[in-house]
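Engineer: One structure coming up, written as structure tokens, with questions to follow.
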Amino acid sequence: MNIAVFASGTGSNFAAIASAVRRKQIPAKLALLVCDNPRAKVMSKAKRAGIEVFLIDRDSFKDKRSFEKAIIARLKQARIGCIALAGFMRILGPEFVRAFKNRIINIHPALLPAFKGGHGIADAFAYGVKVTGVTVHFVDEHMDHGPIIMQEAVPVREHDTLASLEAAIHRVEHRLYPHAIRLFVQGRLKVRGRNVVITK
Ligand code: GRF
């Protein structure tokens, strides 16, 4: 199976996925990085790893629909069977989601449905929660909403700063996300309504 990762920023999850593919922990090919930001650090990570990059500028399209149509065409051309969103700072439209139904996975740095949106770690920290965590889920038409594949709790300790909590969350992300993608590639994730069953 060919995988595409979508990212707009640092790309530490991209790097974790690339390394899991390299070590054959994920039995698939990381065929494409889709990136909407030419200055993103993930760009150089992909180039160094020798992974093809599809850099696409939203501003050169008249609307979101045509922007997404161009991405879909590129994904079909590359025969992509799994899309992993890893810090892609755009919400995919319903047509895109439909085109890859139950084939798009996202990672969110909080325990959904708490702390949705672009600042999950900082929002949880500011709220004063004692436990937060990481969620990997299928993507549907709504933001941070689709069926949950796996979650792992991360305690917020008394001496934690936002930076130390971020580091703890990312450590869990880099282990959990490759694991979830591996299960998907192996055909072991069955979606039943809002439930995802992991088969043997
Ligand atoms: C991660 O915290 C992920 O959960 C969120 O965006 C962040 C991306 O970080 N969706 P990176 O670019 O993978 O380092």
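The values are calculated or read from the model by the stated rules, or taken from the named source; none is laboratory data. What you are looking at is a predicted structure, and each value in this text was computed from that prediction instead of being measured. Neighbour counts are summed over all protein chains in view; Cβ atoms, including those assigned to glycine, are modelled from backbone coordinates with ideal geometry.
Engineer: Read through the list (1) modelled with pLDDT of 95 or more; (2) of a type in the set (D, E); (3) under 26 Å from R79 (Cβ atoms), then give the number of the only condition that D144 fails.
Structural biologist: The failed condition is (3).
Engineer: While we're here: Given the criteria within 13 Å of the ligand (Cβ to nearest atom), modelled with pLDDT of 95 or more and touching an Asp or Glu at 6+ places or on another chain (Cβ under 7 Å), does V134 qualify? Before the answer, list the steps.
Structural biologist: Numbers: within 13 Å of the ligand (Cβ to nearest atom): yes; modelled with pLDDT of 95 or more: yes; touching an Asp or Glu at 6+ places or on another chain (Cβ under 7 Å): yes.
The answer is yes for V134.
Engineer: Identify all residues within the range 1-19 that are of a type in the set (A, V, I, L, M) and touching a strand residue (DSSP E or B) at 6+ places or on another chain (Cβ under 9 Å); write none if there are none.
Structural biologist: Across the range 1-19, the qualifying residues are M1, I3, A4, V5, A7, I17, A18.
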